[in-house]
Amino acid sequence: MSKQDLSVTAKLINGGVAGLVGVTCVFPIDLAKTRLQNQHGKDIYKGMIDCLMKTARAEGFLGMYRGAAVNLTLVTPEKAIKLAANDFFRQLLMEDGMQRNLKMEMLAGCGAGICQVVVTCPMEMLKIQLQDAGRLAVHRQGAASAPSSSRSYTMGSASTHKRPSATLIAWELLRTQGLAGLYRGLGATLLRDIPFSVIYFPLFANLNKLGFNESTGKASFAHSFMSGCVAGSIAAVTVTPLDVLKTRIQTLKKGLGEDSYSGITDCARKLWIQEGPSALMKGAGCRALVIAPLFGIAQGVYFIGIGERILKCFE
């Protein structure tokens with residue numbers, strides 16, 4: 001295996017390990033974000049803590065990890081693609097990938113955002129259905145007394161009364177809508193992920209450079225971790241309105257009285273008119289709390305070089 005192949009493999013391992021650790025740590029907060037973004041007003045959850053407490057009481061500890069299996073399965077290729085693609089484009093656009101060139105750094109981040117959406121869109125499509133199922137059950141029980149209103153999430157008559165599962169949802173979408181069903185909200189996902197990457201990667205690179213150690217050739221773990229946290233938080237909060245639109249569009253099942261959306265413009269218009277401009281920032285705090293450690297861990301692992309150490313064991 002060539003040195004370049006080893007480098008790419010190590011990057012993929014680093015991205016995968018970072019993704020698995022990060023998702024496991026912050027998934028309950030991500031679940032709260034999805035439920036807060038989907039509810040109209042404050043009829044069920046008053047905030048992140050209230051959402052997590054009610055979820056734990058109603059669905060148990062494991063209820064806070066609904067949809068985690070999808071993320072844990074797909075986060076390795078998603079994070080690996082994102083981190084490796086950014087490095088690839090930096091090397092391609094900036095010769096050695098080290099000199100500071102903000103425009104090229106932003107362009108590299110844009111390329112990484114486009115590449116990752118191949119995995120991100122279907123992953124989040126399935127995850128959102130599982131995360132929101134508990135909110136729908138509570139909403140329908142409180143809004144109507146008919147027996148059918150308390151049914152769990154279903155994707156057809158054959159699946160009535162079945163507990164939501166990613167496999168069932170994916171199969172029904174593929175059967176009824178084809179591959180396009182799994183890529184519902186692709187435009188909204190691109191609108192969120194491209195600006196996020198354009199902001200995150202250059203900001204992280206410049207923050208991380210402040211802690212560069214000439215003797216080791218890289219920043220310390222603590223500095224890389226904090227740089228990832230700060231850059232991730234800023235980028236996450238900045239694109240929250242786009243994340244809210246994406247979540248609403250990708251949610252297949254709606255509560256009683258909740259709107260369906262024909263596209264990004266329709267969703268933004270209805271949200272603005274019916275819930276006010278503040279609705280576009282729903283879950284901003286949760287999103288920052290999810291992304292900060294997620295990317296802090298990712299960059300920490302990436303710069304420690306866990307992948308390189310693993311590969312050395314097989315040499």
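The values are calculated or read from the model by the stated rules, or taken from the named source; none is laboratory data. Given the structure is predicted, the values throughout are model-derived calculations rather than measurements. Positions of Cβ are generated from backbone atoms using ideal geometry, with glycine treated the same way; all protein chains shown enter the neighbour counts. Accessible surface areas use protein heavy atoms only, side chains included; no ligands, DNA or RNA. Shrake-Rupley method; radii C 1.70, N 1.55, O 1.52, S 1.80 Å.
Values computed for the structure shown
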{"quantity": "Residues with amide H under 5 Å from that of Lys218, placed H, sequence gap 5 or more", "calculated": "Asn213"}
{"quantity": "Top positive-direction residue, dipole computed over segment 36-136 with Cβ charges, set Leu93, Leu72, Gln129", "calculated": "Gln129"}
{"quantity": "Fraction of accessible area attributable to carbon and sulfur, the chain (%, probe 1.4 Å)", "calculated": "66 percent"}
{"quantity": "Cβ charges +1 (Lys, Arg) and -1 (Asp, Glu), total dipole of segment 170-297, debye", "calculated": "140 debye"}
{"quantity": "Spin-label model distance (nm) - Arg309 vs Val230, 7 Å beyond Cα toward Cβ", "calculated": "2.5 nm"}
{"quantity": "Between segment 48-80 and segment 180-243, the alpha-carbon center distance in angstrom", "calculated": "22 Å"}
{"quantity": "Solvent-accessible surface ranking, highest first, for Leu168, Leu173, Leu107 at 1.4 angstrom", "calculated": "Leu107, Leu168, Leu173"}
{"quantity": "Cut-off under 5 Å, modelled amide H: who pairs with Asn101 long-range", "calculated": "none"}
{"quantity": "Stokes-Einstein diffusion coefficient of segment 180-315, Kirkwood radius over Cα pairs, 37 °C, 0.692 mPa s, in µm²/s", "calculated": "194 µm²/s"}
{"quantity": "DSSP H segments from the chain that extend 27 Å or more along their own axis, Cα-based, with Kyte-Doolittle mean of -0.5 or above", "calculated": "3-38, 68-93, 102-143, 186-209, 284-304"}
{"quantity": "Among Leu280, His139, Ala32 the positive-end extreme of the charge dipole of the chain (Cβ point charges)", "calculated": "His139"}
{"quantity": "Estimated 222 nm signal from helices in the chain, with DSSP H stretches of n ≥ 4 weighted -39500 (n - 2.57), rounded to 500", "calculated": "-24500 deg cm²/dmol"}
{"quantity": "Range of Cα positions in the chain per principal axis (Å), largest first", "calculated": "69, 42, 36"}
{"quantity": "Accessible area expressed per residue, the chain, with surrounding protein chains retained (probe 1.4 Å, Å²)", "calculated": "46 Å²"}
{"quantity": "Whole-number Å³ per residue for the convex hull built on Cα positions in segment 1-136", "calculated": "130 Å³"}
{"quantity": "Solvent-accessible area of Arg35 with every protein chain in place, 1.4 Å probe, in Å² to the nearest 10", "calculated": "0 Å²"}
{"quantity": "Most positive-pole-ward Cα, Leu294, Leu271, Gly60, against dipole of the chain from beta carbon charges", "calculated": "Gly60"}
{"quantity": "Lys254 accessible area, assembled protein chains, probe 1.4 Å, Å²", "calculated": "30 Å²"}
{"quantity": "Debye intensity ratio I(q)/I(0), log10, segment 61-139, q values 0.19, 0.21 Å⁻¹ (C-alpha model)", "calculated": "-0.78, -0.86"}
{"quantity": "Estimated Rh, segment 216-259: Kirkwood, alpha-carbon pairs, angstrom", "calculated": "13.4 Å"}
{"quantity": "Chain lengthening between Leu256 and Ala222 when straightened (0.36 nm per residue, less Cα-Cα)", "calculated": "7.5 nm"}
